[in-house]
Amino acid sequence: MAAKTSNAFDYAPAPESTAIVDIKPSYGLFVNGEFTDATSGRGFKTISPSTEEVLAEIAEADAADVDLAVKAARRAYTRVWSRMSGAERGKYLFRIARIIQERAREFAVLESIDNGKPIKETRDVDVPTVAAHFFYYAGWADKLEYSGYGTGPDGPQPLGVAGQVIPWNFPLLMLAWKIAPALACGNTVVLKPAETTPLTALLFAEVCQQADLPPGVVNIVTGAGETGRALIGHPDVDKVAFTGSTEVGRSIAKAVAGSDKRVTLELGGKAANIVFDDAPVDQAVEGIVNGIFFNQGHVCCAGSRLLVQESVAEEVLGKLKRRMKTLRVGDPLDKNTDIGAINSAEQLAKIRELSEVGEAEGAERWSPPCDLPSTGFWFPPTIFTGVSQAHRIAREEIFGPVLSVITFRTPKEAVEKANNTPFGLSAGIWTDKGSRILWTASQLRAGVVWSNTFNRFDPASPFGGYKESGYGREGGRHGLEAYLR
Ligand code: NDP
């Protein structure tokens, strides 16, 4: 259903066909190159967040299954993968990248169904970026000696078995961020996708079979938090890689403290998107919309705090509201949809709760007129003005399509407010002056700083945070370090 606009015409529905996707009634775990049942026989259901329809029954891995997967990964590491030349490993990664490209539409439709995100984004952002990631790291596999981490006998060595736990907001993209560098460096992996979005990881398992990847190099164990805990805590896992909430990240850091496991954590954010008075306003408005409404705001680096210079605040907010009235909320599979479904009932409850807190604390809430579908999980694009830095909506990660607007008068004040957060993952700067971009970027404590753009991802570019946003970098040459001894 579309957001109501004052347009004289409306869009006709443009649904993407689902015929390309074959969702099976049930899925097993992917261990040692084969799909197997969970030893306990237990399972859980994955649903479509836009219709609440049950899509499939998924096997739930317990500690015994995790142990089998880690053993398979260890065998594959010792006998095959760590002995293989980088050039040979690269061939498999190139093959995987090409198959993902060939099956791109299937992946895009499946991701949209299981996650609720618009097909426009899975088709144009998620899946192409996934393929690009595999291509990029395939290229590194035989060039590790040139990566700056030593050469010869003291050169880069793999760590062993990587235990990887990923969230639901970019299910396939986070899988690529984790698996591609790990495999390129000669490690084998056991990956746990999020409980609400397992389907594209299981389709990726089929791609591994299609690519003839040696059994055990990639293992996928589905389940909830307990499965993740068993994987992280497994004594034969050498490397832990996690993306998700700061709270779980903290518990993982505690769980592995004192062991010799290597850890990278990519956690939450509360990014400032700073608009100076000399910014190109129309472009900035597009950047604000992309910063917070892309992927329903389920983005760790989302520009969830708009810092706008007081002298242009009225103009920027006026244009932002006008633009928001044109955003189309509804069926994720409609090619015109800008904002899809919220991923789960739990996440919707959290967004609602924090929005109510925002109102109770005195901020002013605004959303465009918007008909939301009656089934599924939906939240309209929302902005809060009159937000103070002490408000919870200015401090906590809402992880939804909700923007907190704060004004500032001087560049120094903008920087102080931008840095006044426990997080430090990303930031945006909108200005006409290169010198102001460089000065502001040098003052910001954020891992990624975009200027006159937002939410741009490239496999060659490192990504990661400061403070409670975690540690370690993914992507680029820097991303190799996390998987090398
Ligand atoms: P979590 O951090 O709980 O989940 C991330 C992954 O970790 C999932 O695969 C999850 O499994 C797994 N997991 C949960 N508990 C443990 C544990 N003790 N040990 C090992 N793995 C575990 O995020 P949620 O999905 O619960 O979302 C909660 C909040 O976190 C959101 O509202 C949002 O604010 C934030 N978030 C931030 C993300 C980011 O990238 N910054 C990504 C996702 C969420 P399962 O899903 O099956 O429970």
Can you tell me which condition residue 249 does not meet? The list is (1) in a helix (DSSP H, G or I); (2) more than 17 Å from the chain's Cα centre (by Cα); (3) touching a residue at least 40 places away in the same chain (Cβ under 8 Å); (4) surrounded by fewer than 24 Cβ atoms within 10 Å (Cβ to Cβ), and all the others hold. (2)
Taking the residues in region 329-359 that are of a type in the set (A, V, I, L, M, F, W, C) and out of contact with any helix residue (DSSP H, G or I) (no Cβ under 7 Å at 6 or more places or on another chain) as candidates, determine which candidate is farthest from the ligand (Cβ to nearest atom). 329
Look through region 231-251, keep the residues that are of a type in the set (Val, Ile, Thr) and more than 6 Å from the ligand (Cβ to nearest atom), and return whichever of them is farthest from residue 34 (Cα to Cα). 246
The one condition in (1) over 23 Å from residue 34 (Cβ atoms); (2) within 8 Å of the ligand (Cβ to nearest atom); (3) not in a loop (DSSP other than H, G, I, E, B) that residue 228 fails to fulfil: (1)
Taking residue 1 and the conditions (1) modelled with pLDDT of 95 or more; (2) assigned to a loop (DSSP other than H, G, I, E, B); (3) within 28 Å of the chain's Cα centre (by Cα), which numbered condition does it fall short on, given that it satisfies the others? (1)
Output the number of residues of region 298-328 satisfying the condition of being out of contact with any helix residue (DSSP H, G or I) (no Cβ under 8 Å at 6 or more places or on another chain) and within 16 Å of the ligand (Cβ to nearest atom). 2
Do any residues in region 358-379 that are within 21 Å of residue 344 (Cβ to Cβ) have Cβ atoms under 7 Å from those of residues that are in a loop (DSSP other than H, G, I, E, B) and polar (S, T, N, Q), where the two are at least six apart or on different chains, and which pairs are they? 375/51; 376/50; 376/51; 377/344
Which is surrounded by fewer than 24 Cβ atoms within 10 Å (Cβ to Cβ) and either under 30 Å from residue 13 (Cβ atoms) or not aromatic (Phe, Trp, Tyr) (or both), of 117, 91? 91
Residue 177 passes all but one of (1) within 16 Å of the ligand (Cβ to nearest atom); (2) more than 19 Å from the chain's Cα centre (by Cα); which number fails? (2)
Set 113, 100: member being within 20 Å of the chain's Cα centre (by Cα), β-branched (Val, Ile, Thr) and farther than 16 Å from residue 197 by Cβ: 100
Tell me yes or no: at least one residue of region 269-284 is assigned to a loop (DSSP other than H, G, I, E, B), under 20 Å from residue 409 (Cβ atoms) and aliphatic (A, V, I, L, M). yes
Restricting region 131-150 to residues that are surrounded by fewer than 17 Cβ atoms within 10 Å (Cβ to Cβ) and of a type in the set (Gly, Ala, Ser), which is nearest to residue 85 (Cα to Cα)? 139
Quick one: which strands (runs of 3 or more DSSP E) lie wholly within region 9-112 and hold at least 1 residues that are polar (S, T, N, Q), more than 23 Å from residue 128 (Cβ to Cβ) and in contact with a strand residue (DSSP E or B) (Cβ under 8 Å, 6 or more places away or on another chain)? 34-36, 43-47
In region 265-297, which residue that is among the polar types (S, T, N, Q) and within 16 Å of the ligand (Cβ to nearest atom) is surrounded by the fewest Cβ atoms within 10 Å (Cβ to Cβ)? 295
Check off (1) more than 14 Å from residue 133 (Cβ to Cβ); (2) within 14 Å of the chain's Cα centre (by Cα); (3) surrounded by 22 or more Cβ atoms within 10 Å (Cβ to Cβ) for residue 454 and give me the number that stays unchecked. (2)
Residue by residue through region 252-268, note down the ones that are in a strand (DSSP E or B) and out of contact with any helix residue (DSSP H, G or I) (no Cβ under 8 Å at 6 or more places or on another chain). 262, 264
Restricting region 252-262 to residues that are surrounded by 16 or more Cβ atoms within 10 Å (Cβ to Cβ) and away from the ligand (no atom under 12 Å from the Cβ), the one farthest from residue 393 (Cα to Cα) turns out to be 261
Could you check residue 153 against (1) crowded, with 17+ Cβ neighbours inside 10 Å; (2) in a helix (DSSP H, G or I) and say which number it fails? (1)
When only residues in region 457-485 that are aliphatic (A, V, I, L, M) and in a loop (DSSP other than H, G, I, E, B) count, which is farthest from residue 134 (Cα to Cα)? 482
Considering region 156-169 alone, what residues qualify as being touching a helix residue (DSSP H, G or I) at 6+ places or on another chain (Cβ under 6 Å) and buried (at least 23 other Cβ atoms within 10 Å of the Cβ)? 161, 162, 163, 164, 165, 166
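The values are calculated or read from the model by the stated rules, or taken from the named source; none is laboratory data. Just so it is clear, the structure is predicted and the values come from calculations on it, not from any experiment. Positions of Cβ are backbone-derived with ideal geometry, glycine not excepted, and every protein chain shown enters the neighbour counts.
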